[in-house]
Amino acid sequence: MSNVQPSQLQAKTLLPGATIGVLGGGQLGRMMALAGTAMGYRFVTLDPTPGSPCGQVTPQIEAAYGDEEAARKLAERSDVITYEFENVDAGVAALLERESYVPQGSALLYTTQHRLREKRAIEAAGVPVAPYREVTDLQSLVVAAGELGLPCVLKTATGGYDGKGQAVIREADELETAYRELAASGSELVLEKFIPFRAEVSVIAARSPKGEIKSFPVSENIHVNGILHLSIVPARVEENIQREARKLAERLAESLNVAGLLAVEMFVTEDGGLYVNEVAPRPHNSGHYTMEACATSQFEQHIRAICNLPLGDTTLLIPVVMVNVLGQHLDEAVKRAGVPDPSLNEFGIVPKLHLYGKTESKTGRKMGHINLLCKDVQHALDWVEQTHIWRQG
C-alpha cells in the first residue's frame with residue numbers, strides 16, 4: 001500500500017477531451033461515463049465481465065481486477081484513473097498510482113476496505129462512530145459482547161455489502177453461531193454496539209485535489225433485507241440535524257484527504273445524535289437522486305472533483321424519492337414505463353427510470369432505479385406503495 005496522499009501528488013486540471021480510466025465496469029461506472037461523456041470527456045473501463053454495464057457505453061479492457069498487465073494498459077490509455085467501487089485490488093491501485101495519475105490514491109482505498117481501519121480513521125477525524133471492539137476469537141467476542149451489551153452487531157472487517165457479512169446478536173446463546181458463520185469467511189471480525197435509531201441518513205461530499213469541498217443535501221434512507229430500498233430528499237429530520245450531518249461529512253472528506261466523492265452513512269438517534277455507520281469513497285446508491293433533482297449530479301461532481309475543476313452547485317431543485325429496482329421488480333417496472341399512469345398526474349409525480357444494462361436479473365440484484373420527482377415526498381411514497389411493485393420482496 002502506497003503512503004502517497006492525493007495532496008502530495010502534483011494536482012492536475014484535466015479539461016474536457018481528456019480520457020478517464022474507470023477501474024470497475026458496474027452501474028456506477030456506467031452512470032459516471034454517461035455524465036462525463038456529456039461534459040466532453042472520453043472513457044475506458046477495466047472489468048472482467050464481458051459487456052459490463054460501463055463497457056456497454058465506453059471501450060472496455062476485459063480482464064481481472066488483479067491483472068497488472070491489464071492495469072498498465074488502462075494507465076496507457078488514460079489521463080486520469082478513478083474507481084467505481086472500493087473492493088478494487090489495493091496492489092493494483094498502488095501500481096496505477098505509481099505509473100499513472102490516480103488523484104484518489106490508494107491510501108483511502110486501504111482504509112475503507114477494512115472496517116476497523118475505517119472506524120479508527122473516522123474517530124481520528126473527531127467524528128462519532130458506534131462503540132466497537134475487535135474480535136479475534138470466540139472468547140474475545142464473549143468479552144466484547146459483555147462490554148458493549150446486547151443487542152450488538154457482528155461484522156466481517158472486509159467484503160460485506162448490502163447486508164452481507166453481518167449478524168445481529170440479541171441473546172448470549174447466539175454468539176457462538178454468529179461467530180462460526182462469519183469467521184468462516186476468513187475475514188477479521190468487529191463487534192459494534194447496536195444503536196437504536198429513528199432514521200438512517202447519508203451525505204455525499206465532494207473534495208477536489210485543490211481542497212474545495214461541497215456536500216449534497218441529506219438523504220433519508222430506508223433499507224429492506226439489508227439493501228437500500230428508498231432514498232427520500234429532503235430527509236424527514238430536523239434542519240439542525242441535516243446541517244450537522246453535512247458538517248460531519250465535509251469534516252471527514254477533509255480529514256481523509258479525499259479526491260472525488262465520499263458517501264457517509266449515519267444513524268440518527270432519538271435524541272438527535274449522529275453516528276457514522278460507514279463510508280464509501282465513490283458515487284453511492286443513496287446519491288442517485290441527484291441525477292435529476294440537483295443542479296449537479298453526484299456523477300458529474302465526481303468527474304469535476306477528480307479532474308480538479310470547480311465543483312458544481314449542489315442545490316436541491318425539487319423534492320425526490322429514489323426507489324431501487326431489484327431483479328424481482330424489473331419486469332413490472334419496465335412494463336409500467338410503457339403504460340400511461342393517471343395516478344402520476346394525480347400525485348404530481350414525474351418518474352425518471354434508469355436501467356443498468358445488466359444481462360442477468362436476479363432477486364435482490366440492483367437492476368436500476370427510479371427517481372420520482374414530486375411536490376411532496378409523501379405523494380411519491382404513497383405511489384410506491386400503491387403500485388404493489390415493491391411488495392415483491
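Between 213, 222, which is at pLDDT 95 or above and within 16 Å of the chain's Cα centre (by Cα)? Walk me through it before giving the result.
On the way: 213 fails: within 16 Å of the chain's Cα centre (by Cα).
From the options 213, 222, the qualifying one is 222.
Give the stretch 40-67 a look and list any residue that's touching a Gly at 6+ places or on another chain (Cβ under 8 Å) and of a type in the set (D, E, K, R), or say none.
Answer for the stretch 40-67, where residues must be touching a Gly at 6+ places or on another chain (Cβ under 8 Å) and of a type in the set (D, E, K, R): 42, 47, 62.
Filter the stretch 28-45 for residues that are part of a strand (DSSP E or B) and touching a Pro at 6+ places or on another chain (Cβ under 8 Å); which is surrounded by the most Cβ atoms within 10 Å (Cβ to Cβ)? Spell out the reasoning first.
Our first condition is that a residue be part of a strand (DSSP E or B); within the stretch 28-45, this holds for 42-45.
Those left that are additionally touching a Pro at 6+ places or on another chain (Cβ under 8 Å): 43-45.
Working: 43: 24, 44: 21, 45: 28.
Here the answer is 45.
So, in the stretch 289-314, of the ones that are closer than 19 Å to residue 351 by Cα and touching a Gly at 6+ places or on another chain (Cβ under 7 Å), which residue ends up surrounded by the fewest Cβ atoms within 10 Å (Cβ to Cβ)?
So the residue we want is 295.
Is the stretch 341-361 home to any residue that is buried (at least 17 other Cβ atoms within 10 Å of the Cβ), in contact with a Gly (Cβ under 6 Å, 6 or more places away or on another chain) and part of a helix (DSSP H, G or I)?
No, there is no match, as no residue in the stretch 341-361 is buried (at least 17 other Cβ atoms within 10 Å of the Cβ), in contact with a Gly (Cβ under 6 Å, 6 or more places away or on another chain) and part of a helix (DSSP H, G or I).
Counting just the residues of the stretch 176-216 that are surrounded by fewer than 21 Cβ atoms within 10 Å (Cβ to Cβ) and touching a Cys at 6+ places or on another chain (Cβ under 9 Å), which one comes out nearest to residue 237 (Cα to Cα)?
194
Just to check your reading of the model, which residue among 257, 324 is surrounded by fewer than 18 Cβ atoms within 10 Å (Cβ to Cβ) and either in a strand (DSSP E or B) or at pLDDT 95 or above (or both)? Walk me through it before giving the result.
Working: 324 fails: surrounded by fewer than 18 Cβ atoms within 10 Å (Cβ to Cβ).
Result: 257 is the single residue among 257, 324 that is surrounded by fewer than 18 Cβ atoms within 10 Å (Cβ to Cβ) and either in a strand (DSSP E or B) or at pLDDT 95 or above (or both).
Given 230, 261, which one is of a type in the set (A, V, I, L, M, F, W, C) and either more than 23 Å from residue 123 (Cβ to Cβ) or touching an Asp or Glu at 6+ places or on another chain (Cβ under 7 Å) (or both)?
Numbers: 261 fails: either more than 23 Å from residue 123 (Cβ to Cβ) or touching an Asp or Glu at 6+ places or on another chain (Cβ under 7 Å) (or both).
The match here is 230.
Evaluate the stretch 232-254: report whether one residue or more is loosely packed, with under 15 Cβ neighbours inside 10 Å, of a type in the set (A, V, I, L, M, F, W, C) and in a strand (DSSP E or B).
no
Exactly one condition in (1) in contact with a helix residue (DSSP H, G or I) (Cβ under 9 Å, 6 or more places away or on another chain); (2) without any contact (Cβ under 8 Å) to a residue 40 or more places away in the chain; (3) of a type outside the set (Asp, Glu) is false for residue 186; which is it?
Only one criterion in (1) in contact with a helix residue (DSSP H, G or I) (Cβ under 9 Å, 6 or more places away or on another chain); (2) without any contact (Cβ under 8 Å) to a residue 40 or more places away in the chain; (3) of a type outside the set (Asp, Glu) is unmet by residue 186, namely (1).
Taking the stated definitions as given, is residue 243 touching a residue at least 12 places away in the same chain (Cβ under 8 Å) and of a type outside the set (Asp, Glu)? Break it down stepwise before answering.
On the way: touching a residue at least 12 places away in the same chain (Cβ under 8 Å): no; of a type outside the set (Asp, Glu): yes.
So residue 243 does not fit the description; no.
List every residue pair whose Cβ atoms lie under 6 Å apart, where the two residues are 6 or more positions apart in sequence or sit on different chains, the first residue falls within the stretch 251-267 and is more than 19 Å from residue 82 (Cβ to Cβ), and the second residue, located anywhere, is at pLDDT below 95 and of a type in the set (Asp, Glu).
Going by the 6 Å Cβ cut-off, the qualifying pairs are 265/278.
List, please: which pairs have Cβ atoms under 8 Å, are six or more places apart or on different chains, and start with a residue in the stretch 43-60 that is in the same structural domain as residue 31 (by TED's automatic domain parsing) and end with one that is surrounded by fewer than 16 Cβ atoms within 10 Å (Cβ to Cβ) and of a type in the set (A, V, I, L, M)?
Here the result reads 48/64, each pair linking the stretch 43-60 to a residue that is surrounded by fewer than 16 Cβ atoms within 10 Å (Cβ to Cβ) and of a type in the set (A, V, I, L, M).
Have a look at 265, 292, 278 and point out the one that is modelled with pLDDT under 95 and of a type in the set (D, E, K, R). Outline the logic, then answer.
On the way: 265 fails: modelled with pLDDT under 95; 292 fails: modelled with pLDDT under 95.
Only one candidate passes the filter, namely 278.
Among the residues of the stretch 300-311, write down those that are part of a loop (DSSP other than H, G, I, E, B) and out of contact with any Asp or Glu (no Cβ under 6 Å at 6 or more places or on another chain). Reasoning before the result, please.
Here is the first cut: in the stretch 300-311, the ones part of a loop (DSSP other than H, G, I, E, B) are 307-311.
Within the stretch 300-311, 307, 308, 309, 310 qualify.
The values are calculated or read from the model by the stated rules, or taken from the named source; none is laboratory data. Predicted model only: the values in this text are computed from it and were never measured. A quick note on method: Cβ atoms are made from the backbone with ideal geometry, for glycine too, and the neighbour counts reach across all protein chains shown.
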